[in-house]
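Report on one structure; see the data block that follows.
Please treat every number below as a calculation from the coordinates, not as lab data. This is a predicted model, so every value here is computed, not measured. Because the Cβ atoms are built from the backbone with ideal geometry, glycine has one as well, and the counts that use them run over all protein chains shown.
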């Protein structure tokens, strides 16, 4: 898309400097700040933070899944698990499933925000 039009804003010099500091701190352009603010979109730096958070959460669940596989190997090697240990492990698996479902619901909302 070719940007052909220019909009001039008149603001006080100190206000422009404040906006520039704000943008520099967040590693975004002044143009991006203004356009995204007017259009109600998420700022580029916030988008990067959210994507980093999603990646971190995904990595956390990969570690949990790896631990579950390790426990399964130990159990298979022993060929015996007490009823109490099995119940405790099953309860923890159910909790992981619930957390994963909540996480996915949050991700759907985040993706909807990012799509704006």
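Sorting 82, 29 on the 10 Å Cβ count, fewest up front, what's the list?
Going from sparsest to densest Cβ surroundings: 82, 29.
Based only on other Cβ atoms within 10 Å, what is the fewest-to-most ordering of 6, 33?
6, 33
Please state the relative contact order of the range 3-116 as a whole percent: Cα pairs under 8 Å, 6+ residues apart?
29
For the range 68-106 and the range 13-64, what is the centre-to-centre distance using only Cα atoms, to the nearest Å?
The distance from the Cα centre of the range 68-106 to that of the range 13-64 comes to 37 Å.
For the chain, what does -39500 (n - 2.57) per DSSP helix run (n ≥ 4), summed and divided by total residues, give at 222 nm, in deg cm²/dmol to the nearest 500?
It comes out at -28000 deg cm²/dmol, rounded to the nearest 500.
Angle, helix 30-39 long axis vs. longest principal axis of the chain, Cα atoms, 0 to 90°, nearest 10?
Tilt of helix 30-39: around 70 degrees.
For the chain, take the longest principal axis of its alpha carbons; what is the angle in degrees between that and the long axis of helix 13-26, to the nearest 10 within 0 to 90?
20
Could you give the angle, 0 to 90 degrees to the nearest 10, between helix 44-78's Cα long axis and the longest principal axis of the Cα atoms of the chain?
The angle comes out at about 10 degrees.
Give me 71, 108 ranked fewest to most by other Cβ atoms within 10 Å of their Cβ, as a rough exposure proxy.
Listed from fewest to most nearby Cβ atoms, that is 108, 71.
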